Amino acid sequence: MARRPIPLALGLPRWPGAIAAWLVLALTLGTLCIVALRAGTGQWLGPADWAAVRFTVLQAAASSAVSVLVAIPVARALARRRFRGRSLLVTLMGAPFILPVIVAVLGLLAVFGRGGLLNGVLSAIGLPKVSIYGFHGVVLAHVFFNLPLAVRLILQGWLSIPAERFRLVATLDLAPGRFLEWPMLRAVVPGIALAIFLICLTSFAVALILGGGPRATTVELAIYQALRFDFDLAGAARLAVLQFGICAIAAVLAWTVTLPQAQGGGLDRVVQRWDGGRLTKVGDGAVLILTACFLLLPLAMVVTRGLSGLAEMPISIWPAALRSVLVAALSTILCLGLALTLAMRRGGALAGLASTLPLAASGLVIGTGLFLIVHPFTNPARLALAVTALVNATMALPFAYRAIAPELARVEGDYGRLADSLGLRGWARLRWLIFPRLRRPIGFAAGLSAALSMGDLGVITLFATGGQETLPLAMYRLMGAYRMDAAAGVALVLLALSLLAFWLCDRGGRVDD
Amino acid sequence: MTDGLWLDGLRLEQDGFRLSADLSLKPGQVTAVIGPSGEGKSTLLSAIAGFLAPVAGRVVWDGQDLTQIPPGSRPISILFQDHNLFPHLTVNQNLGLGLHASLRLTQADKAKVERVLDRVGLADLGDRRPGALSGGQQSRVALGRALLAKRPLVLMDEPFAALGPGLKAEMLDLAVEVLGSAGRTLVMVTHDPEDARRIADAVVVVAEGKAMPPVPTQALLDDPPEALRRYLGREVG
């Protein structure tokens, strides 16, 4: 008698991941439905909506194109030159991702703003001043954030070309550019460009500070304006659907090209090659110096101005800092819980969907939906910080999941059978197999989500009342009041806290007992 | 109803690969599973251990049907080709997992671990991590855990293949000495007839999609059937 194959024993339960997945679906799509339902039937897309869509897509495309085009020569220079401080520069390329957006923007303003370094130089030599506000300002800020990411990923591509190939090409007297580098770039660049495009599509804080006005409003910023100034739920829901639509199209495009995988180490190698003379050496040097200046000057300005601004900070900054730390801690715990339980499902459509949806979601709409849910029961403003933590956890989930899930799959692949045969199930399996072997990715994911939450200027801008400012919001308000010295001081504190949060978590994952 | 292992009309399928087995092994014996690579020796062990569900038939131990029982609850220990120890746990912890998956060990348990450590010749190495041990020492830890686990059937999927020939022979002898004398039933996969000659009472030949009933080692190797003859090649005689 034929029997159905029995299902294999599950060392790790799948149901917590199902709960997490449905929670994320409720947070992303459910909140959108609630906002839309509450809004009732609104009007169809108006010209302002289309302007926002056009601006969003154009700035994301421009940001992505510039980032990648600049990153190619930088990555090539890093791939073929060995110099003092090279590994420091490569490490630095990882920093902008965890940099609070508002801090980076303040640094960019100090360099490219009206009274910034660049305009100082320009007016000294009698040239007209440039403005950082508008389309090119938004693109500039996005390039600042994404150029390092692009450089690291393209550098990986370069270093993945075996050294033997360069030797072969040299002995045959062929051009390495045509036979080795161009095929590599053609393989990796489309995926990188699309990833950056996706990241820039949902940009909010950059557009909030450097954009604005009818000609420089992203969809996410338009959602903010609809909610903040008009409490126009219908408008916000409409725009959120629009944003999902744009991101879905981009995601489908991304499906057709392979997305790059960020790797931690292995970027220390320098490829030895035999082409190029003095001229390329000078060119590489110039490219690297310019890039380092572009990335370091704004940060240096944050630090120097921040030091002198520390004394100007209002005393209310310290409670705000404490709130930010608490929000970041709560958000990190939530995010890790979601990412781990989803990863325990070991693939599956539900986990894949739940770990991707937040990339396309609007944090503002999630927050608004949550407020509408709790509104009948309590004064939503009292929950502003909890809601912020929950939204931050959701938005950081895609990154945390991608750090943890592949590693968990690898550990299960290597040790799953041994654990099964020993009857290591449930908590014992987590305690003795999963947690010890996943320390590094868990630490990295925790650091990432803590830093992202610490620096987040999103949903909190909508709902915080008097005593609920977080550090980024306090800083934004100081900037709005033109108290730039005080804002610079806060920026330094925020920068230090974000880096410290990342460092502590990441370090915790690396310590071997 | 028989004592020992009974593969009752077992049929396995995996990615278009098929294997059938209808045989029983006497308790307390050492059986070698031998045959060309790719014929399914490891697959057969996977099915007995519970990692692969059969499409038909049963796996029975001492009259108890194991087919629906998950691997960790079967009266079976298994030693894999690699990844037999958790590298982040100490030798003592790796051994302790043979007693309790929760690793909550009583004083009596700890004393047992200590005795087994001694038995496999690793006294004083209990606090080391596997990475600090040689390949042979790691194999000893895995054998020690199988001894602690008190599960009557021990499957060995060429766990010593990566060791040199001398060390491999030493480990096989130790396995029989330690586990055999404790009354365990041993089933080991090997591609080397010398391994079988060294320690096995009986041999199961796996070839052409079928695991054949066990034959006494000496008789088999002296007069191999056609399928095995082709595999052994040089030993035709």
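The values are calculated or read from the model by the stated rules, or taken from the named source; none is laboratory data. Predicted, not measured: the structure shown is a model, and the values here were computed from it. Counting neighbours? That spans all protein chains shown, and the Cβs are built from the backbone with ideal geometry, glycine included. Ligands, DNA and RNA are excluded from the accessible area calculation, which covers all protein heavy atoms including side chains. Shrake-Rupley method; radii C 1.70, N 1.55, O 1.52, S 1.80 Å.
Per-structure values
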read-out: Some residue of region A:371-388 being among the charged types (D, E, K, R) and within 14 Å of another protein chain (Cβ to nearest Cβ); value: no
read-out: Any hit, region B:133-149, residues being within 13 Å of another protein chain (Cβ to nearest Cβ), open to solvent by less than 40 Å² (accessible area, probe 1.4 Å) and among the hydroxyl-bearing types (Ser, Thr, Tyr); value: no
read-out: Candidate set from region B:89-113 (those that are in contact with an Asp or Glu (Cβ under 9 Å, 6 or more places away or on another chain) and within 12 Å of chain A (Cβ to nearest Cβ)); member that is least open to solvent (accessible area, probe 1.4 Å); value: B:GLY96
read-out: Subset of region A:7-66 that is among the β-branched types (Val, Ile, Thr) and open to solvent by less than 30 Å² (accessible area, probe 1.4 Å) - its residue that is modelled with the lowest pLDDT; value: A:VAL35
read-out: Among (1) within 11 Å of chain A (Cβ to nearest Cβ); (2) under 24 Å from A:ASP414 (Cβ atoms); (3) polar (S, T, N, Q), the one test that B:THR43 misses; value: (1)
read-out: Scope region A:90-106; condition surrounded by fewer than 21 Cβ atoms within 10 Å (Cβ to Cβ) and in contact with a Lys or Arg (Cβ under 8 Å, 6 or more places away or on another chain); matching residues; value: A:VAL90, A:GLY94
read-out: Residues of region A:461-505 that turn out to be under 19 Å from A:LEU390 (Cα atoms), under 18 Å from the mean Cα position of the chain (by Cα) and of a type in the set (A, V, I, L, M), as a count; value: 1
read-out: Candidate set from region B:22-40 (those that are at pLDDT below 90 and open to solvent by 10 Å² or more (accessible area, probe 1.4 Å)); member that is farthest from the other protein chains (Cβ to nearest Cβ); value: B:PRO36
read-out: Exclusive hit being open to solvent by 30 Å² or more (accessible area, probe 1.4 Å) and either of a type in the set (Val, Ile, Thr) or under 30 Å from A:GLN243 (Cβ atoms) (or both), set A:THR356, A:THR332; value: A:THR356
read-out: Within region A:404-444, tally of residues that are open to solvent by 40 Å² or more (accessible area, probe 1.4 Å), touching a residue at least 12 places away in the same chain (Cβ under 8 Å), within 12 Å of chain B (Cβ to nearest Cβ) and more than 30 Å from B:PRO152 (Cβ to Cβ); value: 3
read-out: Yes/no for A:ALA329 being closer than 15 Å to A:ALA487 by Cα and either in contact (Cβ under 8 Å) with a residue 24 or more places away in the chain or touching a Lys or Arg at 6+ places or on another chain (Cβ under 6 Å) (or both); value: no
read-out: Residue within region A:107-122 that is of a type in the set (A, V, I, L, M, F, W, C), over 15 Å from A:MET301 (Cα atoms) and open to solvent by 70 Å² or more (accessible area, probe 1.4 Å) present; value: yes
read-out: Helices (runs of 4 or more DSSP H) wholly inside region A:56-125 that include at least 2 residues being closer than 18 Å to A:ALA487 by Cα; value: A:101-112
read-out: Helices (runs of 4 or more DSSP H) within region A:160-247 that include 1 or more residues surrounded by fewer than 22 Cβ atoms within 10 Å (Cβ to Cβ) and free of Cβ contacts under 8 Å to residues at least 40 places away in the same chain; value: A:163-171, A:182-201, A:219-230
read-out: Filter result for B:ILE69 (facing chain A (nearest Cβ under 10 Å) and within 15 Å of A:SER421 (Cα to Cα)); value: yes
